[in-house]
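Working notes, beginning with the structure itself.
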Amino acid sequence: MQPQVIVCGLGRTGYRIFCLLREQGVRVAGISDRAMPHEADGDIVVGDSRIEQTLVQAEIYAAQTLVLASADDSINLAVLTQARLLNPRIRIINRLFNNQLGIRLDQTLPDHISMSVAALIAPIFAFAAMGNRAIGQLQIFDQIWPIIEEEITEQHPWRGRLITDIWEDLTRIYIAYQPAQGSTNLGAAIREGKVLQPGDMLILAQQPTVRRSQRSLKQSLRRFSSGIIQFRRRSRSVLLVLLALLVTIGVATTTYVSNETGTSVIDALYFSVGMITGAGGQEKVAENATAAIKLFTAIMMLVGAGVVGICYALLNDFILGTHLQHIWTVTRYPQSRHCIVCGLGGVGIRIVDQLKSLGDELIAIEHNPNGRFLGAARSRHIPIIIGDASVPETLQTANIEQADALLAVTSNDSINLEIAITAKSIAPSLPVFVRVHDPHFARQIQQVFEFDMVMSPTELAAPAFAAAAISGRIFGDCMTREGLWVAIATLITPNHPFHNRVLKEAAATEQFSPLYAEVKTKRVHGQALLEMVMLSDTVLYLMMPANRWENLWASRSERVLPITSENRLSPRPNLEIAE
């Protein structure tokens, strides 16, 4: 049977995408560089996906979509060029780490969608750190909204209320309804006037709240006192040597004044300073003195040279070295209610950006002083500690005991685990979120150590790739107990299955969830959206199970149409919509 989708690069992420597509009923083939005995021979082609013969064997001519899932950008680009030579019209979902290159390819090549694992998972980590356990995300209204599960309990404020009663809250967008008893979709529940009962589950997207950082006088005093403490620690050796220099000058001055030559205090001080520093002056003080004074002078010259040399060296290191910069940096470290991000790699820098955009105070820890993203983080004025985050002293420097959360997101699973364990040993009640590549290992760590969340990039990112492979360019996705859901935009035309239908009736019948609609220059939400009749030229934004997509439209060529500036208000660039 000819495949609809071909997945190239069956590593952890690629194989998970392959499995998800198969679970959604999509005809899918995979290309792997090694044999996979547990898979059927007809579904997997073993070979180099950059070679024409391998792609032909996977039936590239008949496929609609090609997913490039390798972790190596250069391999994905090589497969891209070879695939387009063989099938110029194939849609390509391209996994790229280089975000700028992906944007340029999207603008240059038709039917090319670039996606980044780091960009997909970073918001999930950031939302988790801020208290939202997201199962997906929506990119709407110039923001990324977390998709969460809301369980109705006995004490829940929504218990006993109609779903339509809470629909008017524009800071939430409702996606799915899972009743405690029976089975019904959100549209049917709205039409039938369902009342929320204990055990019911709502899946919704929630507008992220941006914290407004207002530093109090108490926080400013804390930072000032922290700077004083760090100054005392860093300058202790310099102050001791300076004290030794002053004592040496004082002893010499006292000795010359007490001499019977009648030297004044000023002349003695002037000679002592010049003698010890090597500047000279008032040599007659020693020339007219006794032999004992001359011997004392020679000894003081040697002692003074050593003390002054050490003093100059320490002052030079303190002022021109890293000590003064470190003291200034420490005063910028947040003292409380902040997030600690351990690891400034591709994922870490995007988490930092997300937290920064939400107004959260944070501090980053990076072990590599030449890290690729250090410059980018510093340009965003992010406080950074260069050190080993698995060492307790480093975490204490980051004020871990007063932090709101810690995220261990380096590229090494064992280092992340070590950081998390160290953090829990210092602050047992601190929420800790850990990045672990292997999904199976992540579940084991969660069960053994009971961290707040152990998240696998594979599990977080694969649904978005699968959704894009099925639906084209999407602006959101989530994984529920019922499977994969995708967010799409659809332009209502006279031939559209929703045309001239009341939206809540269409939602109940076709099992989708309306998010909002755009009519010319007006955006429609809430109860008005449910009662809206779908007329021509309306742009409807909705979420629906991925496996129902093909039930509404017969072929991709009939349903995909790019939104233009004339019919789109949404900020999503290059968004494709279904007709």
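Is there a residue being among the acidic types (D, E), open to solvent by 10 Å² or more (accessible area, probe 1.4 Å) and at positive phi anywhere in the range 448-456? Yes, that holds for at least one residue. Where strands (runs of 3 or more DSSP E) fall entirely within the range 467-527, those with at least 2 residues that are out of contact with any Lys or Arg (no Cβ under 9 Å at 6 or more places or on another chain) and without any contact (Cβ under 8 Å) to a residue 12 or more places away in the chain are at 522-524. Across the range 487-506, the qualifying residues are those that are over 34 Å from the mean Cα position of the chain (by Cα) and among the aliphatic types (A, V, I, L, M), and the one among them that is most open to solvent (accessible area, probe 1.4 Å) is V502.
Filtering the range 257-289 to residues that are open to solvent by less than 20 Å² (accessible area, probe 1.4 Å), part of a helix (DSSP H, G or I) and at pLDDT below 75 leaves V285, A286. Scanning the range 296-314 for residues that are in a helix (DSSP H, G or I) and either within 21 Å of the chain's Cα centre (by Cα) or at pLDDT below 70 (or both) turns up nothing.
Within the range 91-102, residues that are over 16 Å from R350 (Cβ atoms) sit with their Cβ atoms under 8 Å from residues that are in a loop (DSSP other than H, G, I, E, B), at 6+ positions apart or across chains, in these pairs: R91/Q64; R91/D111; R91/G472; I92/L109; I92/D111. Within the range 423-455, the set of residues being touching an Asp or Glu at 6+ places or on another chain (Cβ under 8 Å) and part of a helix (DSSP H, G or I) comprises I426, P439, F441, A442. Only one of the numbered conditions (1) at negative phi; (2) modelled with pLDDT of 85 or more; (3) touching a strand residue (DSSP E or B) at 6+ places or on another chain (Cβ under 8 Å) is not met by P334, and that is (2).
Residue-wise test of (1) crowded, with 19+ Cβ neighbours inside 10 Å; (2) at pLDDT 90 or above; (3) out of contact with any Phe, Trp or Tyr (no Cβ under 6 Å at 6 or more places or on another chain).
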residue: Y516; (1), (2), (3): yes, yes, no
residue: H525; (1), (2), (3): no, no, no
residue: L542; (1), (2), (3): yes, yes, no
residue: P545; (1), (2), (3): yes, no, no
residue: S555; (1), (2), (3): no, no, yes
residue: R559; (1), (2), (3): yes, no, no
residue: P562; (1), (2), (3): no, no, yes
residue: E566; (1), (2), (3): no, no, yes
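The values are calculated or read from the model by the stated rules, or taken from the named source; none is laboratory data. Predicted model, so just to flag it, every value in this text is computed and none were measured. Glycine gets a Cβ as well: all are built from the backbone with ideal geometry, and neighbour counts include every protein chain shown. Only protein heavy atoms, including side chains, enter the accessible area calculation; ligands, DNA and RNA are left aside. Shrake-Rupley method; radii C 1.70, N 1.55, O 1.52, S 1.80 Å.
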